[in-house]
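What follows is a short report on a single structure.
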Amino acid sequence: MEKGLKIFSYLPNPRVWKAEIAAKIAGIPIEIIGDKLTEIPNWLWDTKPKKISDTDKKKFKKFKRIGKRGFTSVLYKTDNFIKLIPFGTVPAAFSPDGKTGIFESNSILRAIARQDDHFNLYGKDSFDASRVDSFLDSGLVFSREHQEYLFGLKDMNEALYQRMKSAYEFFLNGIEESLKHSKFIGFDYLTIVDISFFCDFSQFLREGHYEDDLNEKGFDLISEKFIFDYPETYDHLLKLSQIEEFSSVSGTYLDWYKKKLQNSS
Ligand SMILES: N[C@@H](CCC(=O)N[C@@H](CS)C(=O)NCC(=O)O)C(=O)O
């Protein structure tokens, strides 16, 4: 079986980093295709994605679909794309032969880890692998909440804010507890749990860019006291951000947050 994965998404996207970091660590070839968020409506969502012109758009009229989650504009998703990625989301990944569609960034991450024979990214045995899944499942609940929260940041309401706050506290309590007993989340070695956490949490921290909008509506940043409330988790996040495979993929994405911390200390 040929190793590798092709991924289509808007870029940069921390959900894509997950597979990218794992692929770097394990030396699995991946191809990432995409464009900035605002350009993605000008792409044909397909196993062979491509940028399309206004003339192409007329030709591909039959693939026109209105975005369902996050996107409100018209998107061009081929029937084959929907067959392979039935929820129609990005990141969307495909096996090297283009026949198998893989969706949900944690599952795209797993698809890389399953191709790794040396680094135990998916745990050392089947029980560890199931424990990895336990953390990834909890992580998905957190990231689904923060997705809705980030969509709503410009016009926050009490219900959305409180949902996010309780999801944040529940999830970070669990991560903090686990880090009291092991060097990495849940294990004494690095797994895809750490990779998934790093990417999802970095994305959640983007709430910081909307501090003024939140304050205007009478809310504080949910992560305002992150360092004090969850010190092990904070140290772990910073430790991960210094690993070459993480920093080379995440680039400058977290620099603003580090600067903010320096200014407030
Ligand atoms: N939990 C999913 C989230 C993926 C997702 O919701 N993607 C949105 C963009 S943020 C999407 O592709 N929406 C397509 C649409 O609006 O039709 C993951 O981790 O991959």
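The values are calculated or read from the model by the stated rules, or taken from the named source; none is laboratory data. As the structure is a prediction and not an experimental result, all values here were calculated from the model. Cβ sites come from the backbone with ideal geometry, for glycine too, and all protein chains shown count toward neighbours. With ligands, DNA and RNA removed, areas are computed over all heavy atoms of the protein, side chains included. Shrake-Rupley method; radii C 1.70, N 1.55, O 1.52, S 1.80 Å.
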Quiz item: Any idea how many residues of segment 149-185 are within 16 Å of the ligand (Cβ to nearest atom), assigned to a helix (DSSP H, G or I) and surrounded by 14 or more Cβ atoms within 10 Å (Cβ to Cβ)?
Solution: 6
Quiz item: So which residues in segment 202-245 are more than 26 Å from F151 (Cβ to Cβ), part of a loop (DSSP other than H, G, I, E, B) and open to solvent by 80 Å² or more (accessible area, probe 1.4 Å), if there are any at all?
Solution: Q242
Practice problem: Give the residues of segment 101-133 that are open to solvent by 70 Å² or more (accessible area, probe 1.4 Å), at pLDDT 95 or above and not small (G, A, S), sorted by residue number. | Solution: E104, R114, H118, F119, K124, D125, F127, R131
Quiz item: Out of L136, L140, which single residue is within 19 Å of S178 (Cβ to Cβ), open to solvent by 10 Å² or more (accessible area, probe 1.4 Å), modelled with pLDDT of 95 or more and within 15 Å of the ligand (Cβ to nearest atom)?
Solution: L140
Exercise. Among the strands (runs of 3 or more DSSP E) lying completely within segment 36-77, list those that include at least 2 residues that are of a type in the set (K, R), free of Cβ contacts under 8 Å to residues at least 60 places away in the same chain and within 21 Å of A93 (Cα to Cα).
Key: 64-66
Quiz item: In segment 1-43, what residues are open to solvent by 20 Å² or more (accessible area, probe 1.4 Å) and among the polar types (S, T, N, Q)?
Solution: T38, N42
Quiz item: Across segment 44-71, what is the number of residues that are open to solvent by 80 Å² or more (accessible area, probe 1.4 Å) and more than 16 Å from the ligand (Cβ to nearest atom)?
Solution: 9
